[in-house]
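Notes follow once the structure below has been shown.
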Amino acid sequence: MSTIEPLPSLAALDRVIIFAGDADHHADTNVCVIFAEEYPQSACGYDQETLERMGASSTLLTAFEIYRGNGQDAVIIGGGSRAELTTSRLRDIAATAVRTAKRASHLSIVIGGELPTGAARAMAEGVLLAAYRYDVHQSAAKVAPLRSVSIPVEQTSANLGKLSEARVNARSTVVARDLANMPPNYLTATDMAAHATALGAQFGFDVEAFDKKALTEMGCGGLLAVNQGSAEEPRLIRLRYRPESDPVSHLGMVGKGIMYDSGGISLKPSDPMHLLMKLDMGGAAAILGAFCGFRDRDVNVAVTGWLACTDNMPSVSAYRLGDVVTARGGTTIEIKNTDAEGRFAMSDSFVLANEEGVDAIIDIATLTGASLMALGQRRAPFFSNDETIAALVTASSETTDEAAWRFPLEPSYRPQLDSIIADISNLGGAFAGATTAALFIQHFVGDTPWAHIDIAGTMHADKDDAWRTRGATGYGARLLLQAAVDFEPGQDAEANS
Ligand code: BES
Ligand code: ZN
Ligand code: ZN
């Protein structure tokens with residue numbers, strides 16, 4: 001098993017060079033972008049009439065490849081309306097260029113006119129994320145031909161800085177994707193801790209992994225309950241990033257790390273969803289990915305992450321419906337459904353974060369099918385008890401195009417979680433499942449400024465879709481990285497005083 005490279009994309013990322021510059025004359029494939037307002041007199045060497053006959057369209061992201069051989073290929077992409085050109089669209093356009101030019105080794109993207117600020121970073125991210133593939137388990141896998149891409153931005157030092165920033169951001173995403181795509185028989189909670197330790201040594205953060213014995217001593221009854229039916233040990237993985245100069249504030253991150261969610265005794269039905277449940281550690285993977293970027297993006301606050309890792313399995317030793325378990329801190333939880341495991345697998349972590357006195361917590365979890373039903377695979381619902389943290393999540397989401405939307409933490413639904421035997425139950429009513437799950441988490445967070453991102457929908461792409469490669473999307477890694485970059489020293493201490 002260990003002969004498979006666990007994080008193949010770290011090396012793959014470095015195989016693609018990105019240049020700033022108007023056109024690369026050594027390119028074998030030129031990419032031309034057509035905008036609605038300015039159907040061009042010529043593009044990629046074709047005159048207007050030919051372009052029209054070929055059906056070249058300005059409709060956003062319609063793309064086709066013209067194969068001419070001998071290093072003269074072209075890709076024509078619709079850019080939509082020039083007036084509506086955003087960095088998110090540029091990321092998508094660059095990603096689509098890479099996807100369309102499957103045979104290209106040297107790609108040159110040409111877009112005339114002025115581009116919005118952030119163009120360099122967004123386009124470079126689009127290139128690197130679209131070039132992603134996870135094929136280490138395929139015997140016939142070939143190395144992709146793409147070696148270089150030139151991006152139409154000036155060669156200023158600011159832009160060159162943005163290109164390397166993009167590489168750091170993309171690295172966070174591909175680490176998260178590799179981990180999430182890994183088959184569950186290749187990635188146990190113990191393996192996850194080993195990868196975290198190796199990544200920490202490489203990218204500048206400390207890692208401590210708590211095993212079953214330690215978790216028992218720590219009273220982490222939430223995570224231990226979920227682990228009870230498993231043949232594999234759980235791991236609570238704590239990640240610590242500290243900036244070089246003394247940090248003024250401290251951000252906490254908590255991730256759901258269910259390595260495989262069978263549902264436990266409340267076994268999931270045998271539908272296609274089951275197959276996706278190796279991705280139930282996507283939240284933990286996103287946090288680990290984000291940590292890989294903190295040092296290189298000069299994050300100047302302290303960040304501590306807790307990844308609650310175990311699988312959720314039925315067995316003779318598994319926890320039952322009706323069991324009452326005690327989380328760290330003493331809250332008793334009545335288990336009414338063993339498939340609603342993420343919320344209390346993470347419960348101990350929120351208590352630990354509060355014990356450390358973090359100034360704010362962001363958690364990320366593939367928590368509820370209800371969030372997928374509500375917003376689909378492109379946008380994640382998030383919940384927050386604090387305007388400052390909510391604004392930070394919204395802004396980071398916009399910068400990274402990891403789309404999110406704030407949902408209300410409807411307090412009148414809280415009684416649905418009342419238990420007649422314990423402090424709280426893990427199951428709400430039939431409706432607003434993403435909300436009742438968030439309300440459950442809020443119980444453990446208390447008054448600490450907090451945001452909870454439910455990525456059950458956005459963790460996976462059914463097909464290649466601009467920068468999202470089919471499979472695990474790595475959603476959240478860049479968002480969390482950006483949030484840490486923009487989390488200002490003392491931000492919440494001030495806002496709440
Ligand atoms: N891991 C699932 C949520 C999920 C569903 C993630 C679909 C990705 C895609 C979670 O543990 C779960 O099973 N939640 C239940 C909760 C319910 C029993 C209250 C759900 O959403 O059905
Ligand atoms: Zn579940
Ligand atoms: Zn789950």
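Points to keep in mind about this one:
- Cα gyration tensor shape for the stretch 1-157, rounded if a/c is under 1.5, else prolate or oblate: prolate
- Projected label distance in nm at Ile17 and Gln155, using a 7 Å step from Cα toward the beta-carbon: 1.2 nm
- Chymotrypsin sites (Phe, Trp or Tyr not before Pro) within the stretch 371-433: DSSP coil, no more than 10 neighbouring Cβ in 10 Å: Phe431
- Average Cα contact separation per residue, the stretch 375-497, under 8 Å, 6 or more apart, as relative contact order %: 34 percent
- Shape parameters for the stretch 399-497, alpha-carbon atoms, Rg then Dmax in Å: 16.9, 49
- By the equivalent-ellipsoid construction on the alpha carbon gyration tensor, the stretch 1-77 comes out with semi-axes of 33, 15, 13 Å, ordered largest to smallest.
- Using θ = phi - 60° in the Karplus curve 6.51 cos²θ - 1.76 cosθ + 1.60, the 3J(HN,Hα) couplings for the stretch 369-378 round to x, 4, 6, 5, 4, 6, 10, x, 8, 9 Hz; x is entered for Gly and Pro.
- Only alpha carbons enter this Debye calculation for the stretch 92-246, each as an equal point scatterer, and the log10 of I(q)/I(0) it gives at q = 0.11 Å⁻¹ is -0.65.
- Computed from Cα atoms, the angle from the helix 433-445 axis to the main principal axis of the chain rounds to 60 degrees.
- FRET efficiency for Ile4 and Ala403, using Cβ-Cβ distance with R0 set to 22 Å, rounded to 0.05: 0.10
- Lysines whose Cα lies under 19 Å from that of Lys212, excluding same-chain neighbours fewer than 8 positions away: Lys256
- Amide H to amide H, with H built 1.01 Å from N, Arg406 comes under 5 Å of Phe382, counting only residues 5 or more places away or on other chains.
- Across the cross-link table entries Lys268/Lys463; Lys102/Lys268; Lys142/Lys213; Lys213/Lys268, which are compared at the Cα atoms, the separations over 32 Å belong to Lys102/Lys268; Lys142/Lys213.
- Whole-percent carbon and sulfur share, accessible surface of the stretch 64-142, 1.4 Å: 48 percent
- Calculated accessible area for the stretch 234-353 comes out at 31 Å² per residue, all protein chains present (probe 1.4 Å; ligands, DNA, RNA ignored).
- Between Val316 and Ala198, the C-beta separation translates, for a Förster distance of 25 Å, into a calculated FRET efficiency of about 0.10.
- Applying a 4.7 Å Cβ-Cβ cutoff to the chain leaves Cys220, Cys292, Cys309 as cysteine residues with no disulfide-compatible partner.
- Diffusion constant of the stretch 374-426 at 10 °C, which comes from Stokes-Einstein with the Kirkwood Cα-pair radius and 1.306 mPa s, µm²/s: 122 µm²/s
- Projecting the Cα atoms of Val153, Gly118, Ala131 onto the dipole axis of the stretch 102-177, where Lys and Arg carry +1 and Asp and Glu carry -1 at the beta carbon, places Ala131 farthest toward the positive end.
- Under a model in which nothing but the beta-carbon of Lys, Arg (+1) and Asp, Glu (-1) is charged, the chain shows a dipole of about 1200 debye around its Cα centre.
- Helical content alone sets the calculated 222 nm signal of the chain at -10500 deg cm²/dmol, taking -39,500 (n - 2.57) per DSSP H segment of four or more residues and averaging over every residue.
- Distance in nm between pseudo-label sites at Ser139 and Asp47 (7 Å out along the Cβ direction from Cα): 5.5 nm
- Average projection, convex hull of the Cα set of the chain: 24.2 square nanometres.
- Pairwise Cα inverse-distance average, inverted: Kirkwood Rh of the stretch 162-227 (Å): 14.0 Å
- The smallest convex shape that holds all Cα atoms of the stretch 240-303, its convex hull, gives 86 Å³ per residue.
- Surface share of carbon and sulfur [accessible, 1.4 angstrom probe, percent] for the stretch 181-318: 53 percent
- The Cα atoms of the stretch 266-338 define a convex hull whose projected area, averaged across directions, is 7.4 nm².
- Antiparallel beta bridges, as assigned by DSSP with both residues in the chain, represent about 40 percent of the total such bridges.
- The relative contact order of the stretch 147-256, computed from alpha carbon pairs under 8 Å that lie at least 6 residues apart in sequence, is 24 percent.
- Long-range HN-HN contacts of Ala456 with modeled amide H, under 5 Å: Leu367, Thr368
- With the alpha-carbon atoms of the stretch 224-345 aligned to their principal axes, the span from lowest to highest coordinate is 51, 36, 21 Å, starting with the largest.
- For the stretch 292-419, the pair-distance distribution built from all alpha carbon pairs, in bins 10 Å wide starting at 0, is 9, 32, 39, 17, 3 percent.
- Approximate spin-label separation Ile421-Tyr67, in nm, with each point projected 7 Å along Cα-to-Cβ: 6.5 nm
- Remark: the stretch 112-190 carries 40 Å² of accessible area per residue (probe radius 1.4 Å; ligands, DNA and RNA excluded).
- Tensor-based shape of the stretch 121-202 (alpha-carbon gyration tensor, a/c under 1.5 rounded, otherwise prolate or oblate): oblate
- Here the stretch 194-267 has an Rg and Dmax of 15.1, 49 Å, counting Cα atoms alone.
- Pairwise centroid distance, computed over Cα atoms, of the stretch 284-341 with the stretch 365-401, Å: 18 Å
The values are calculated or read from the model by the stated rules, or taken from the named source; none is laboratory data. A quick note: this is a predicted structure, and the numbers were derived from the prediction, not measured. Every residue, glycine as well, gets a Cβ built from its backbone with ideal geometry; the counts of neighbours run over all protein chains shown. Keep in mind that these areas ignore ligands, DNA and RNA; they rest on the heavy atoms of the full protein, side chains included. Shrake-Rupley method; radii C 1.70, N 1.55, O 1.52, S 1.80 Å.
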